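The structure appears right after this line, and notes come after that.
The values are calculated or read from the model by the stated rules, or taken from the named source; none is laboratory data. Quick caveat, the model's predicted, so the values are computed rather than measured. Methodologically, a virtual Cβ is constructed for each residue, glycine included, from the backbone with ideal geometry; neighbour enumeration extends over all protein chains shown.
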Amino acid sequence: MTTATNPEFVQHCLDLLAPVAPCTAKRMFGGWGLSTEGLTLAIIADLGDGERLWLKVDANTLPQFEAAGCKPFVYLAKGKPMTMGYRSAPEDAMESPALMRPWARLALDAAVRAQAGKKPKKPANI
């Protein structure tokens, strides 16, 4: 994975997602995590073919992304391909917030479901 560093692209992605949720960008793993209220709904990463916006998917939303031809997020770790629960944003959706809105909504819904499925953290013993 190549480092994703183009601040203009990061801002463009934040603008695309804004109609669904006000997002912030945070550096992570050589790319960026885009989140709202602690929920990561997208990442920006360069897997070797340029920076891309990758949207969160789950079993409920994956069929829509597959039907649109969105690429899976696959990277090499210790020489083996690893897949994360993200798909590339559709090319046409990268043109405007209005076109991105349904895809961003799917990503946010997947992030909400992922958070709901996590066990609450136990408080530390004092």
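So here's what we get for this one:
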read-out: Residue that is touching a strand residue (DSSP E or B) at 6+ places or on another chain (Cβ under 9 Å) and at positive phi, where the choices are G48, G85, G38; value: G48
read-out: First in the stretch 62-82 and closer than 19 Å to M94 by Cα, second anywhere and among the β-branched types (V, I, T) and surrounded by fewer than 10 Cβ atoms within 10 Å (Cβ to Cβ), Cβ under 9 Å, 6 or more apart; value: P72/T83; F73/T83
read-out: Within the stretch 16-30, considering residues that are assigned to a strand (DSSP E or B) and either modelled with pLDDT under 90 or hydrophobic (A, V, I, L, M, F, W, C) (or both), the one surrounded by the most Cβ atoms within 10 Å (Cβ to Cβ); value: A25
read-out: Flag for A42 being among the aliphatic types (A, V, I, L, M) and farther than 17 Å from P97 by Cα; value: no
read-out: Which listed residue, of G30, G50, G85, is small (G, A, S), farther than 18 Å from A114 by Cα and touching a residue at least 12 places away in the same chain (Cβ under 8 Å); value: G30
read-out: Where G48 falls short, out of the listed (1) within 20 Å of E95 (Cβ to Cβ); (2) in a loop (DSSP other than H, G, I, E, B); value: (1)
read-out: Of all residues making up the stretch 48-66, the number that are under 15 Å from N6 (Cα atoms) and touching a helix residue (DSSP H, G or I) at 6+ places or on another chain (Cβ under 8 Å); value: 2
